[in-house]
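Take a look at the structure below.
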Amino acid sequence: MKAQIVYTPRTRPTIIKLHPATPMSDQQFFEFCQANADYRFERTAHGEIVILSPTGSESGNRNANLTVQVGIWAERDGTGLIFDSSTGFTLPNGAVRSPDLAWIRKSRWDAIPPEQRKKFAPICPDFVVELRSETDDLAMLQVKMQEYINNGAALGWLIDPLEKQVYVYPSDGSVQQLNAPLTLSDDPVLPGFVLDLGKIW
């Protein structure tokens with residue numbers, strides 16, 4: 001299903017509501033995304049299609065720096081795999097989300113059939129990061145972070161370079177707000193990892 005999409009910069013993502021029509025199946029949504037590969041999409045638990053805004057150059061650099069730092073640790077740690085912002089995951093509630101960075105324990109990833117790994121794998125990552133850009137609405141990102149936790153994530157970090165704040169989401173459902181921290185870490189979810197936020201701010 002090839003879509004004709006006109007992008008307009010905005011502070012909230014464009015949402016395509018398919019109701020009352022039948023929502024796309026997992027396979028149909030995957031094929032829709034492949035047919036419109038120039039765009040990034042997510043799907044809500046209600047079947048709505050979300051068009052994600054492209055990030056600016058500064059946000060892209062921050063995200064790359066984040067990926068490098070986590071990647072170096074993950075390679076050394078060896079217990080899990082990292083995924084970048086272009087990766088879609090099908091959560092238990094039916095939503096398909098693409099966090100800016102995700103980490104999944106290798107034992108959980110290996111349990112997914114190989115054919116399902118080639119699409120939007122049916123799994124909620126153990127660790128997710130969302131990095132706010134100028135076009136992101138903070139409240140919507142906070143709802144998304146809570147969704148990850150509700151679907152089984154062990155830890156989530158929402159990093160807001162605009163206000164130099166971090167929201168930490170542990171698995172117990174609480175939220176901790178940190179003002180301009182220099183580093184972030186979390187044992188036992190990320191043993192030995194320390195994120196240098198000086199390179200993100």
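Elements of the type helices (runs of 4 or more DSSP H) sitting completely within segment 88-189 and holding at least 1 residues that are open to solvent by less than 40 Å² (accessible area, probe 1.4 Å) and among the hydroxyl-bearing types (Ser, Thr, Tyr): these cover 138-150. Among the residues of segment 128-145, write down those that are within 22 Å of residue 90 (Cα to Cα) and touching a residue at least 24 places away in the same chain (Cβ under 8 Å). Passing the criteria: 128, 129, 130, 131, 132, 136, 140, 142, 144, 145.
The single residue among 162, 131 that is modelled with pLDDT of 95 or more, within 20 Å of residue 66 (Cβ to Cβ) and in contact with a strand residue (DSSP E or B) (Cβ under 7 Å, 6 or more places away or on another chain) turns out to be 131.
The values are calculated or read from the model by the stated rules, or taken from the named source; none is laboratory data. Model, not experiment: these values are computed from the prediction. We place every Cβ from the backbone using ideal geometry, glycine too, and count neighbours over all the protein chains shown. Note: areas computed on protein heavy atoms with side chains; ligands, DNA, RNA excluded. Shrake-Rupley method; radii C 1.70, N 1.55, O 1.52, S 1.80 Å.
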